[in-house]
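The values are calculated or read from the model by the stated rules, or taken from the named source; none is laboratory data. The model shown is predicted, which means the values in this text are computed figures rather than measured ones. Neighbour counts are summed over all protein chains in view; Cβ atoms, including those assigned to glycine, are modelled from backbone coordinates with ideal geometry. For accessibility, only protein heavy atoms count, side chains too; no ligands or nucleic acids. Shrake-Rupley method; radii C 1.70, N 1.55, O 1.52, S 1.80 Å.
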Amino acid sequence: TSPHPTSAQLNMASETEQQVLVSIFSLSGQKLMQQQMSTSESIDVSSLAKGIYIIKINETSYKFSKL
């Protein structure tokens, strides 16, 4: 799938609110952020440079692009 674009916030979609471990990595594999958070919270990516990143929520990975 193509990366999901964003400029400041990523929102998680979940049928029920739950605690998840969120990690963000550069394409080279460097961990840039990791935190425990609720699926009802937004993930602030405004401090990241423009580019493509991997976000891992628990054990599932997705690509997103920072505009």
Scan of the stretch 11-47 for residues that are closer than 15 Å to Ser61 by Cα and modelled with pLDDT under 90, ordered by number: Asn11, Met12, Ala13
Restricting the search to the stretch 26-61, which residues are under 14 Å from Met12 (Cβ atoms) and among the acidic types (Asp, Glu)? Glu41, Asp44
Residues in the stretch 1-59 that are in contact (Cβ under 8 Å) with a residue 60 or more places away in the chain and not hydroxyl-bearing (Ser, Thr, Tyr): how many? 3
Of all residues making up the stretch 1-44, the number that are closer than 19 Å to Lys66 by Cβ, among the hydroxyl-bearing types (Ser, Thr, Tyr) and open to solvent by 40 Å² or more (accessible area, probe 1.4 Å): 5
